[in-house]
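A short write-up of the structure that comes next.
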Amino acid sequence: MQTTVSPGSALFVTLILLLPGTAALAAGNAPAGAMIFEELCAECHSTTGKNKKGPSLRGIVGRMAGRAQGFADYSDGMKNSGLVWTAEQLDRYLTKPDQFIPRVKMTFKGLSDARERAELIEFLSTRK
Amino acid sequence: MSNGACSCCLTGCCIPLALLAGMVLATSAQAVPSFSRQTSQECTTCHVGAFGPQLTPYGIKFKLGGYTESTSEPGHVPLSGMLVAGYTHTRNDLPQAPEHFQTNNNATLGEASVFLAGRLHENLGAFAQVTWDGVSRRWGMDSLDLRYARAARFAGEEITFGASLNNRPTVQDPLNTTPVWSFPFTTSPEDFAPVPTASPVIAGALDGRVFGLSAYLFTGRGMYAEIGGYRAAGRQYLIDTNVIPDPAEPGRNLLGTAPYWRLAYIDDRTRDMYSLGVFGMNLRLRDLNSGGPGDGFRDVGIDANYQYLGTRTHVFTVGGSYIAERQALDETLAEKRNLKLDQLKLTASYHYNKTYGVTVSRFDTRGTPDSILYTHGKPDSNGWTYQTDWTPFGKPESWHEPWVNLRIGLQYTRYGKFDGSSEGASGNNCTYLFIWTAF
């Protein structure tokens with residue numbers, strides 16, 4: 001018996017079968033920290049100086065917390081923290097933001113992988 | 001808008017409600033740049049493919065937050081505009097040319113819309129659309145979703161709760177698997193390309209003819225619950241807004257209050273997301289010129305959705321819904337009938353670099369055969385819709401972002417069965433080239 005498959009069926013099935021391979025497709029050759037930034041941070045932050053829902057992260061390393069130029073929507077906890085964003089402080093913050101600074105407005109739950117945090121911070125340190 | 005029409009039509013028994021509604025309700029969905037201006041977020045933050053209406057998790061939260069998220073900068077004007085122009089070719093010519101047009105190969109400005117869209121007050125936001133239909137050449141009230149929303153902490157968990165006043169069941173839904181916002185997001189005007197007649201009532205037949213009020217809750221753990229009810233809009237309102245173009249034939253509308261309910265679980269895992277849900281509505285429809293008991297409908301749907309977002313360079317989505325409708329036709333036919341009508345929609349898409357998109361969708365409607373109710377004895381229709389599109393703007397680096405937005409697409413709909421018949425179904429196959437802009 002001859003079985004025929006319509007072009008529509010073939011394309012539909014192909015698209016679904018491609019799903020598990022998307023992570024590999026997304027990897028590309030970009031620096032790992034930049035990739036992590038695009039995946040986890042870029043919805044709310046830029047590294048160009050433009051403030052979005054969150055402040056721009058250009059020049060974040062070495063900056064006083066709660067002091068991004070032109071950004072006013074900080075929580076009181078962030079504004080009054082007195083922190084300076086060193087690589088170590090960023091690492092602690094990114095691990096569990098709401099535990100490091102209680103009542104922080106950022107809803108990001110945290111990045112548990114230490115290697116990914118290091119790569120992200122390394123990328124941010126290049127955005128001056 | 002889906003290929004929706006009244007579920008109990010044909011053979012002159014009743015008037016196809018969605019076709020009436022379609023005279024004024026746009027077939028396109030919305031991409032609204034005033035939201036982008038209000039939030040300082042690019043279109044691509046809230047929408048898959050950098051153009052509405054397919055929502056990412058961020059867009060879902062923005063909608064459930066009542067369209068009120070805003071930067072601290074004052075002076076955002078919650079107004080936007082939209083134009084959709086297209087060219088339609090069907091395999092067979094239409095039996096009769098629409099007024100001002102030909103029996104085939106029609107090009108027109110299909111829709112021109114003005115939106116009041118954005119934050120109106122601290123907790124109050126709106127998505128209200130008035131549309132000029134380029135085929136009927138009439139203005140009409142299109143989608144309305146007026147929201148009040150607040151956020152609170154309960155047992156350490158952030159909860160968003162609110163209410164929606166709207167005019168189309170599921171227009172208030174945050175997922176693109178329920179009827180109003182499911183693919184295809186724009187279609188050829190129905191006057192240029194016939195669509196299957198039978199469809200569950202919840203999938204379009206009430207659009208613009210009702211008002212609904214619902215309350216909802218969205219927890220930080222992703223549970224979404226909504227409950228509300230719909231009632232028929234006033235006859236004079238429907239005439240004034242061109243939903244009823246001919247007062248002598250007002251069609252059908254709700255009898256009493258129709259309860260609507262929705263439950264969903266939405267898991268935003270940042271790199272990807274998925275959702276699972278159920279929704280439903282119980283209603284009675286009665287001809288506005290009759291004092292009869294009306295017909296009863298119970299619609300229950302399940303839906304699921306997966307999005308792989310990653311770095312937004314390669315974005316995959318797959319999702320769909322299955323709606324089961326049980327009908328108790330007490331009025332339409334002389335002899336009471338209990339019928340079934342089920343509709344399946346499955347859609348998969350891939351977008352590259354927030355610019356190039358390919359979408360494939362399967363639709364399949366099946367129901368109880370009835371030789372009196374349906375022209376070919378069955379309501380069954382099925383087929384495929386394919387679309388490829390190009391969206392050059394809506395990204396952080398885009399020219400005059402977020403004021404300039406454009407999508408150019410080519411869509412092809414192929415029918416295996418149309419209104420109960422395989423024979424001649426392909427004559428309705430439709431090619432639609434569209435240019436869609438929002439500002």
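What to note about this one:
- Computed helical MRE - 222 nm, chain B, DSSP H runs ≥ 4 contributing -39500 (n - 2.57), nearest 500: -1500 deg cm²/dmol
- Estimated vicinal HN-Hα couplings, Hz - the stretch A:92-102 in sequence order (Karplus 6.51, -1.76, 1.60; Gly, Pro = x): 5, 5, 5, 5, 8, x, 6, 8, 6, 10, x
- The stretch A:40-55 - phi-based ³J(HN,Hα) in whole Hz, Karplus 6.51/-1.76/1.60, Gly and Pro as x: 10, 10, 5, 4, 10, 10, 10, 10, 9, x, 7, 7, 10, 4, x, x
- Global geometry of chain B, whether rounded, prolate or oblate, following the gyration tensor of its Cα atoms and the 1.5 cut on a/c: prolate
- Converting the Cα gyration tensor eigenvalues of the protein assembly as shown into ellipsoid dimensions via √(5λ) gives semi-axes, longest first, of 44, 25, 22 Å.
- Put in line by how crowded their Cβ is, counting other Cβ atoms within 10 Å and starting with the fewest, B:ARG119, A:ARG127 read A:ARG127, B:ARG119.
- Kirkwood hydrodynamic radius of the stretch B:377-439, Cα pairs, Å: 13.9
- Taken along the Cα-to-beta-carbon direction at a fixed 7 Å, the label points for B:LEU165 and B:ARG153 span 3.3 nm.
- Note on A:LYS105/B:ASN105: beta-carbon distance plugged into 1/(1 + (r/R0)^6) with R0 of 45 Å gives a FRET efficiency of 0.25.
- Efficiency of FRET between A:THR95 and B:ASN92 - r from beta-carbon atoms, R0 45 angstrom, step 0.05: 0.10
- 3J(HN,Hα) along the stretch B:398-405: 5, 4, 6, 5, x, 6, 9, 9 Hz, from the Karplus curve 6.51 cos²θ - 1.76 cosθ + 1.60 with θ = phi - 60°, whole Hz, x for Gly and Pro.
- Extension gain for A:ASP113 to A:ALA87 (0.36 nm times residue separation, less C-alpha to C-alpha distance): 7.8 nm.
- Estimated inter-spin distance, A:ARG67 and B:GLU73, nm [label 7 Å along Cα→Cβ]: 2.4
- With each label modelled as a point 7 angstrom along the Cα→C-beta vector, the B:ALA334-B:LEU217 pair spans 5.2 nm.
- Computed log₁₀ I(q)/I(0) - Debye formula, equal Cα scatterers, no solvent, the stretch B:186-298, q 0.18, 0.21, 0.24 Å⁻¹: -1.02, -1.18, -1.32
Every number in this text was worked out from the coordinates using simple rules, so none of it is lab data. What you see is a predicted model, and the numbers here were worked out from it, not measured in a lab. Here the Cβ is made from the backbone with ideal geometry for all residues, glycine too, and neighbour counts use every protein chain on show.
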